[in-house]
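Asker: Handing you this structure, nothing more for now.
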Amino acid sequence: MERDAEIVGSVLNRRAALGGAATLAAMAGLVGRTGHAAAHGKHVDYSRHPLTGMWLAMANPALPESPQFPAPSLFTADGFIIFIFPLTDLGPQGTIFQTGLTGTWEPDGPQRGHFTGVLLQSDANGTFTGSVTVDGYPVVSEDGQTFIDDGSKVIVTIRDPSGAVVASFPGAGGRPITAIRMSPGNPGFPDVP
């Protein structure tokens, strides 16, 4: 029993290290890439759109009754997204191992953007179990320091390991996704009494 716990702990530590290293490498490779290959296969420059930048979003977990979690979320000027999620979550079938959400975005109005991102999931044995695609529509406040996605246009699509759609439904877990722009000295956590 103790040996099993050591093996599971070793697997989890290795996954955490690899996931963290891969995320950092991806972020480092994308930051400052305007003018190079763009997310949409053509040169785009969204640097003037208020959604461009680094945010700390309060995202919804797999189970609606679980609390929201902080998700550092990068919207690059050339149309990429990288959202960092916890490596594990609790779903209807138990523990889920997941990647961050990565994909593309574009302006959908002067204050709103539209993103499509994909995260991959596996079980505790390391078996790939499928993916989740999220289409979201965050709207940036007039002062450019917060955004909200009320979920009214959000579509979540769940696919099995072969890519076949298992479920597709509107909404983002019933709660709005909110975010605060990150800056030096301000990690973006909401003021909680």
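The numbers here are math on the coordinates, done by the rules we state, and not lab data. Given the structure is predicted, the values throughout are model-derived calculations rather than measurements. Here Cβ is always computed from backbone atoms with ideal geometry, including for glycine, and neighbour counts include all displayed protein chains.
Asker: With a point put 7 Å past each Cα toward its Cβ, work out how far Asn125 is from Phe169 in nm, to one decimal.
Answerer: According to this spin-label approximation, the distance is 2.7 nm.
Asker: Residues with beta-carbon under 10 Å from that of Pro176, excluding Pro176: net charge, scoring Lys, Arg +1 and Asp, Glu -1?
Answerer: Details: positive: Arg175; negative: Asp149, Asp150.
Here the charged neighbours net out to -1.
Asker: Taking just the alpha-carbon atoms of the range 100-188, what radius of gyration and Dmax come out, in angstrom?
Answerer: 15.2, 46
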